[in-house]
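One structure below.
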Amino acid sequence: MYNWQLPDWPQFSFNEQELEDALFAFAQQTGHVSGLLKAMPGDTRMEAIIDTMVAEAIKTSEIEGEHLNRNDVMSSIRNNLGLNKTLDNVKDKKAKGAGELMVDVRKTYKEPLTEEKLFQWHKMLLETTPDMITGAWRTHADAMQIISGPIGKRKVHFEAPPSARVPKEMKQFIKWFNDTAPGGKKEIKKAPVRSTIAHLYFESIHPFEDGNGRIGRALAEKALSQTLGGPVLLSLSRTIEKERKVYYNALQKAQMHNEITPWMKYFVSTVLKAQVQAKNMVSFTLKKAKFFDGIKDNLNERQLKVIKKMLDAGPEGFTGGINAEKYGSINKTSKATATRDLQVLKEMDVLLVEGGGRSTRYVVNV
């Protein structure tokens, strides 16, 4: 039997004492991030916010096996934030929708959750998907199952409530979400606790034909932002994507019971990790801005282009560093010019050398 088939559904229970350390650490990290943001110049603060939103849009799609164009996601987010004087052309329509969703989640975090809002998010994500009915609950008679493996050896990980039950289940979920918000009848004061339950509850109903994971993670972010009283700066999906199997295993086990202490421990720790990563991202953005301002007047256009691309990769860095071949490919220039430019950047201490011989590569010396 699955959680929704049990007599105590959806009365989730857990031992909050086992979460105390993680909840305290989360509160500390949230304070650190808030302090760092307040100390930043306005344009650098916005860059940190955009970098986090881009990471969330890209990684939440990667969890579902979709790979979005980073530049298109960035353009969509900037367009929807009103930061571009003339709207950028976004070629990848899925990236356009993912960017719209990120901005809408941030802008409307205070608003109560409604059926219409969930339908709107679903359309943003999937309106360009062929043969997909968007902005509506699923209605098919077949069982909604989460499966893996080849035909003939498929494994059912979870089966959601039948489509006929979805409208009633979602009405109940939306009421719970709003009742547990600040000032609600059943307010949950600890943001990670509310976020963790909201994600599991929504994923267990699985109300849409597709897009449930992405919308479920957006709801987890909305719950965090509402309870904290401001748009949260973190990327849950970037943290989840690094250990995707752990996430799915924890979710599958949680969907067999309504006593969810193991799930709470897993997801609250994930929220904490995401907040720590956000703090590192904000710190990196500040360092990056200072670093770039200090060198930009001394570099040629080719060097600026490559350094900016490497810095845009974030604290994890440009995959594999840069070498003459990559440098030449980015700038459409000869290997000799690339080698010469890289040598100058090394002598300026802009780049550090790793490896040697054919394996020589360079990383930014932030």
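Read-outs: derived from the displayed coordinates by stated rules, not from any lab. Everything numeric in this text was worked out from a predicted model, so none of it was measured. Cβ placement follows ideal geometry from the backbone for every residue including glycine, while neighbour counts extend to all protein chains displayed.
Data for the structure
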| quantity | calculated |
| --- | --- |
| Pairs beyond 18 Å (Cα-Cα), from Lys94/Lys305; Lys94/Lys308; Lys93/Lys123; Lys305/Lys346 | Lys94/Lys305; Lys94/Lys308 |
| Label selected from (1) 29, 62, 9; (2) 31, 58, 10; (3) 26, 53, 20, 1, the criterion being P(r) over Cα pairs in 20 Å bins from 0, in percent as computed here | (3) |
| Peptides ranked, highest mean first, by Cβ atoms within 10 Å: ranges 229-237, 21-29 | 229-237, 21-29 |
| Karplus-derived 3J(HN,Hα), 6.51/-1.76/1.60, for each residue of region 181-188, Hz, glycine and proline x | 6, x, x, x, 5, 10, 3, 9 |
| Alpha-carbon Debye profile of region 210-288, log10 I(q)/I(0) at 0.11, 0.14, 0.18, 0.19 Å⁻¹ | -0.33, -0.52, -0.83, -0.91 |
| Aspartates and glutamates whose Cα lies under 12 Å from that of Lys335, excluding same-chain neighbours fewer than 8 positions away | Glu325 |
| Computed over the chain: relative contact order in percent, which uses C-alpha pairs under 8 Å that are six or more apart | 20 |
| Shape of region 1-152, Cα gyration tensor, a/c cut at 1.5 | oblate |
| The chain - mean residue ellipticity at 222 nm from DSSP helices (-39,500 (n - 2.57) per run, n ≥ 4, rounded to 500) | -19000 deg cm²/dmol |
| Cα Rg, Dmax, region 299-364, angstrom units | 10.7, 29 |
| Difference of contour (0.36 nm per residue) and Cα-Cα distance, Tyr2 to Asp21 | 3.8 nm |
| Packing-based ranking, highest mean first, of 294-306, 183-195, 72-84 given that Cβ atoms within 10 Å are counted | 72-84, 183-195, 294-306 |
| Magnitude of the charge dipole, the chain, Cβ model with Lys/Arg +1 and Asp/Glu -1, debye to 20 | 600 |
| Sequence-distant residues sharing a close amide H with Phe158 (under 5 Å, placed H) | Ile146 |
